[in-house]
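Asker: Just dropping this structure here.
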Amino acid sequence: FPSHDTVMKGVGTEKIVEELNLVFPELRISRSDQTSIKKRSDFQKILDGFESGEIEILVGTQLLAKGIDFEDVALIVVPDADIMLNLPDFRSHERAFQQLHQLSGRAGRGQKRGQVLVQSYQPSHVVLNAVKSESFLELAQNELVERKTFGYPPFSRLIEITVKHKDQQTVFNAAAQLNNILRSKLGDRLLGPLTPSVS
């Protein structure tokens, strides 16, 4: 886990495939992401190619972690795991653990022992430690303490209200009015209004 050799940050699957082609020009490399898959049959064709050995390295998004089972996967690499560890969502640690644990189960199902390499600037992060030691219970107990402290589910319920309009000023005005009405009833339990990171 702890290594400072990998420096590339914030790159997509296309860039990773480019770099891999430079390092391993003799290997057949493919990618599986939204741009490379136009229809369901494209995805199946890529999976079939990987399973048959026609594709030797497959670069993909989180979709590859979901329920895909191959015998001879010896190495799985997760670049920039910090993105999933630091999402602004109270469930981000739980989801990151699930994804990384799921991926670790995908390596080494055949004859050879598998490896999972995770790139992170936080190698001692609680989630990464939980994945390494397979201690979901400990992570869950820590998460529950935090959720109780901050009033997150399962100790409370959350309601999200989304205000949309073509005109940005109209949205701001409506959100401010709604905020004033709700704050008079909910006080400090109200968070917002917030502008989404992707508007």
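Asker: Hey, any idea what the orientation-averaged projected area of the convex hull of the chain's Cα atoms comes to, in nm²?
Answerer: Taking the Cα atoms of the chain, their convex hull projects to 15.1 nm² on average.
Asker: Testing the spin-label approximation: label points 7 Å from Cα along Cα→Cβ at Phe70 and Ile161. State their distance in nm.
Answerer: So the label points at Phe70 and Ile161 sit 4.8 nm apart.
Asker: Select from Gln122, Gln44, Gln169 the residue whose mean-square fluctuation is largest in a Gaussian network model of the chain (Cα-Cα springs shorter than 10 Å).
Answerer: Gln169
Asker: Next up: Restrict the search to segment 12-90; then list the chymotrypsin sites (Phe, Trp or Tyr not before Pro) that DSSP places in a loop and that have at most 15 other Cβ atoms within 10 Å of their Cβ.
Answerer: Phe70, Phe90
Asker: Take the alpha carbon gyration tensor of segment 103-189, find the square roots of its eigenvalues, order them as a ≥ b ≥ c, and report rounded if a/c is under 1.5; if not, report prolate when a/b exceeds b/c, else oblate.
Answerer: On the way: a/c = 3.73, a/b = 2.13, b/c = 1.75.
Prolate is the answer for segment 103-189, as a/c is 1.5 or above and a/b outweighs b/c.
Asker: If you place +1 on the Cβ of every Lys and Arg, -1 on the Cβ of every Asp and Glu, and leave all else neutral, what size is the dipole of the chain about its Cα centre, to the nearest 20 Debye?
Answerer: That gives a dipole near 900 debye.
Asker: Lys pairs in segment 52-198, Cα-Cα under 26 Å, at least 8 apart or on separate chains: how many?
Answerer: Value for segment 52-198: 6.
Asker: Then there's this: 5 Å is the cut-off here: which amide hydrogens, built 1.01 Å from N in the peptide plane, fall below it relative to Arg28, excluding neighbours closer than 5 in sequence?
Answerer: Glu56, Ile57
Asker: Just check segment 139-186 against the gyration tensor rule for me: Cα atoms, a ≥ b ≥ c as the square roots of the eigenvalues, rounded for a/c under 1.5, and otherwise prolate or oblate depending on whether a/b exceeds b/c.
Answerer: prolate
Asker: Within segment 111-199, list the trypsin sites (Lys or Arg not before Pro) lying in a DSSP loop whose Cβ has at most 10 other Cβ atoms in a 10 Å radius.
Answerer: Qualifying residues, ordered by number: Arg113, Arg157, Lys164, Lys166.
Asker: Where does the chain land at 222 nm, in deg cm²/dmol rounded to the nearest 500, when only DSSP H runs of n ≥ 4 count, each adding -39500 (n - 2.57), divided by all residues?
Answerer: -13000 deg cm²/dmol
Every number in this text was worked out from the coordinates using simple rules, so none of it is lab data. Fair warning: this is a prediction, and the values are worked out from it, not measured in the lab. Cβ atoms come from the backbone with ideal geometry, glycine included; neighbour counts cover every protein chain shown.
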